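Read through the structure below, which is laid out as structure tokens, and then see the notes.
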Amino acid sequence: MSEKYCCMIMRINVDCNACCRKLRRIILRMKVIENHMIEKQQRKVYVCGRFVPADVAIKIKKKMNRRVEILEIQEFEGDVQNEQEEQE
């Protein structure tokens, strides 16, 4: 089954620079995540890509050993991404 393109906003407590670096390293090693942004002050993490949102949140929770709260999930049709890839 091919996952839809999703953008997800999560709340994770990253209170120090080391936690922020660890979270960034975990996200970069996930091949399903294409884009990410970490807002340390607002304690929000934005990730986009083709994934199942619950699976990504669970994986981050296990590796970070911190509570992960999903705030918002936006799913997009797969055709939009395929058209952009064909143009490149």
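Table for the structure above
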{"read-out": "Subset of the range 44-75 that is closer than 13 Å to Glu3 by Cβ and surrounded by fewer than 13 Cβ atoms within 10 Å (Cβ to Cβ) - its residue that is modelled with the lowest pLDDT", "value": "Glu75"}
{"read-out": "Qualifying residues in the range 1-18 (those that are assigned to a strand (DSSP E or B) and among the β-branched types (Val, Ile, Thr)) - the one most open to solvent (accessible area, probe 1.4 Å)", "value": "Ile9"}
{"read-out": "Tally of residues being more than 18 Å from Ile73 (Cβ to Cβ), open to solvent by less than 50 Å² (accessible area, probe 1.4 Å) and without any contact (Cβ under 8 Å) to a residue 40 or more places away in the chain across the range 19-43", "value": "2"}
{"read-out": "Those residues of the range 1-18 which are free of Cβ contacts under 8 Å to residues at least 60 places away in the same chain and more than 15 Å from Gln74 (Cβ to Cβ), in sequence order", "value": "Met1, Ile12, Asn13, Val14, Asp15, Cys16, Asn17, Ala18"}
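The values are calculated or read from the model by the stated rules, or taken from the named source; none is laboratory data. Keep in mind it's a predicted model, so treat the numbers as computed, not measured. All Cβ positions, glycine included, derive from the backbone under ideal geometry; neighbour counts span all protein chains shown. Each accessible area value is taken on the protein alone, full model and side chains, heavy atoms only, with ligands, DNA and RNA left out. Shrake-Rupley method; radii C 1.70, N 1.55, O 1.52, S 1.80 Å.
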